[in-house]
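One structure is given here, and the rest of the page talks about it.
Just so it is clear, none of the values below were taken in a lab; they were calculated from the coordinates. Bear in mind that the values here come from a model prediction, so they are computed numbers and not experimental data. Because the Cβ atoms are built from the backbone with ideal geometry, glycine has one as well, and the counts that use them run over all protein chains shown.
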Amino acid sequence: FRARFEKSMVGPCLRIDANPYAIIALGGYGREEQCVHSDVDLLFLFQKYVPKEAEALIQEVVYPLWDIGLEVGYAVRTVNESLGMCRKDYEVLTPLLDARLVCGMSPVFLDLMETVRGKLLSKHGDDIVRWLVEMNQDRHRRFGDSTYLLEPNLKEGQGGLRDYHTILWIARIKLNLAQPRDLEYLGCLSHREFESLFNALSFIWDVRNRLHLMAGRKMDQLLFENQINLSDMMRFKRKNDQEPVEVFLSVLHTKMEFIKQQQLIFSDELGFGKRSRRQKAGKLTKYPDVAIENGSLYFSSSEAILRSPELLMRIFEESMRLKIPIRVEAKRLIEEFAYLFDEEYAASPTVIRSFERILAAPAVGFGVLKEMLNTGLLVRLIPEFNGVVNRIQYDAYHLYPVDLHLIRTVQTMSRFGLEGEGGDDPIYRQVFREIKNRSLLFWAAFLHDIGKGEASADHAEKGAEIAGNVMISKGYSLSDADTVSFLVREHLFLMKTATRRDIQDEETAVFCARRIRDIEKLKMLYLLTVADSMATGPKAWSSWAAALMRDLFLKTLQVLEKGELATQEVVEKIEMKKTTILGSIPDTKKKKQMEALFQMMPPRYLIYSPAQDIIEHEQMYRSLGEKHFIWKVVKGKDPATRTIVICAKDRPGLFSRIAGVFTLNGIDILDAQ
């Protein structure tokens, strides 16, 4: 640009002495964080008016860049035009906040920046920041939270580069920030936070540049097809039983989580965050050393923490009870004093009861457990949890890292006790309220995947061992520890059984009952399975899976309540049904034929099919003859549903072919036997 400016053939015609102009870098080019295939955004700024020769200047400067394949965007304006457009459209203002003089007359550039600050930012700064925060929240809704998405957007997603840009824009508007380093000098970030922020940004910029090179174009979404190649390119190695791509994604999610938290904290500190709120009258804390001001909790002093380290847990409990977030300064104190939370404090009954209340409480918007995780206190309380922090599961089912999945499972479980919650199925609430010791259920929900933090072929078995040790270390009885270990060990059992075995077969329910043995454990295992599946993602939980799980649970419950298979009752029920059917047949010969058929019928068919249906099915069987199949279609109670009975000669693939024909014709199968 400077070479073109110096040697310009058009320059002398522009009368730079009478109408000074400058070439200004905007956006990412202005911030000096250009990636390989990022756009180059320019502003050709004139002091008084835009001369007709400006078009020739643009051809001289921009056209060669287009010729070599760069994406160059430009605007041509005067100082007053720029100010007017910024007033009308804040989208024009944000790139200008990152403006940097490339070449030309610096007084023109300085005039523009001083005019924008004096006539716009100083008068309407709060309105602009509120708009920025709203746009940020809308962007998060559209692009999602990149800290857990399987294919995160490195720029626009929550935790992406745009969150960092929002910090810069707000700081430039409210604090007249000149350079990113001033975030530390102005007290917005501690030295450690600033170093961590730029470490995270450097990593994401590295990933983004490599992604651009790999794709040969601008690309900000990290797609599945690029993740393994990127992890290899960045020389990640297998670690702690994780594949290189999982290690890479774990590091990436850790960096993006840090940026996300810094953006939320920064907005809150200036009073513009989503969590910022006025103090609610009438709310008082239970502890004199934890206070409320402007709708957030803080410690009365750092000395109070030294005197009573349990305050580190108490403030989270109060945050949960009052539904009030913790102030940024208090979070920093928690991080600094977390070392006080040694093994003795972490196992004290006071702390454990406090943590149990947090586990069981319905989640509030800011997520108390998540805040405990972000401040490091959760790992201090349960060191075994460190192995699953930001641990990625590289598959299409798990939307979240293991630590967030465990927290979401607990949050899902807590909803089961609320009216009108729990996935719209009242059975969850009913079963939840029947459980006597719910604290063990919440511990199991919190620890059920803890085994994924260790190198093991069976994470459930390893997790059961770890969970048992955790419970003993926290002062629980051996019986309680065994219950939690059992739930962790078997947390996949019901779902695997429901989806892989015929739940209409009585032997399936008997098999489950023999393995679980206890009604209370069955109820807890059922709710844990449901909460785990819901928290995994939509591919792991559906109305079909819910129906299978419900049926299996109820059948197994009946076996446990009435004894294994309730054998005598079942036999009597079948004999009564046979008597009813035979009594409806006057012909002796046909009765003998039906008796012979009874010997061929599966027990589950005789148990679950009404007598009248069996009679009709026998008539269809007699009518089949040499036909491949016959069927009967009956209207259901719902006008949009039909019950279809098919009698056919058995052959390989028959059932799948029938299902395929219905599916190809746009007919949903709600149930099949």
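Tabulated values for the structure
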quantity: Label-point separation, Phe598 to Leu223 (7 Å along Cα→Cβ), nm; calculated: 6.4 nm
quantity: Sparse-neighbourhood loop sites, trypsin sites (Lys or Arg not before Pro) in segment 14-116 - DSSP loop, at most 13 other Cβ within 10 angstrom; calculated: Arg15, Lys48, Lys52
quantity: For segment 2-123, projected area of the alpha-carbon convex hull averaged over all directions, nm²; calculated: 7.5 nm²
quantity: Kirkwood hydrodynamic radius of segment 414-482, Cα pairs, Å; calculated: 13.5 Å
quantity: Kyte-Doolittle mean at least 0.0, axial Cα span of 18 Å or more - DSSP H helices of the chain; calculated: 161-175, 244-269, 402-415, 459-473, 519-536, 543-562
quantity: Helix-only CD estimate at 222 nm, as mean residue ellipticity for the chain, using -39500 (n - 2.57) per DSSP H run (n ≥ 4); calculated: -18000 deg cm²/dmol
quantity: Cβ-based exposure ranking for Phe1, Phe486, in which fewest neighbours within 10 Å come first; calculated: Phe1, Phe486
quantity: Estimated D of the chain in µm² per second, where Rh is the Kirkwood radius over Cα pairs and Stokes-Einstein applies at 20 °C, 1.002 mPa s; calculated: 71 µm²/s
quantity: Listed peptides 158-167, 122-131 by packing density, highest first (mean Cβ within 10 Å); calculated: 158-167, 122-131
quantity: Relative exposure of Ile581, Ile170, judged by other C-beta atoms within 10 Å (fewest first); calculated: Ile581, Ile170
quantity: Order by protection proxy (mean Cβ within 10 Å, highest first), peptides 353-360, 233-240; calculated: 353-360, 233-240
quantity: Shape box of segment 625-673 [Cα atoms, principal axes, largest first, Å]; calculated: 33, 22, 18
quantity: Order of Ser609, Ser584 - criterion: other Cβ atoms within 10 Å of each residue's Cβ, fewest first; calculated: Ser584, Ser609
quantity: GluC sites (Glu not before Pro) within segment 1-68, DSSP loop, no more than 12 other Cβ atoms inside 10 Å; calculated: Glu32
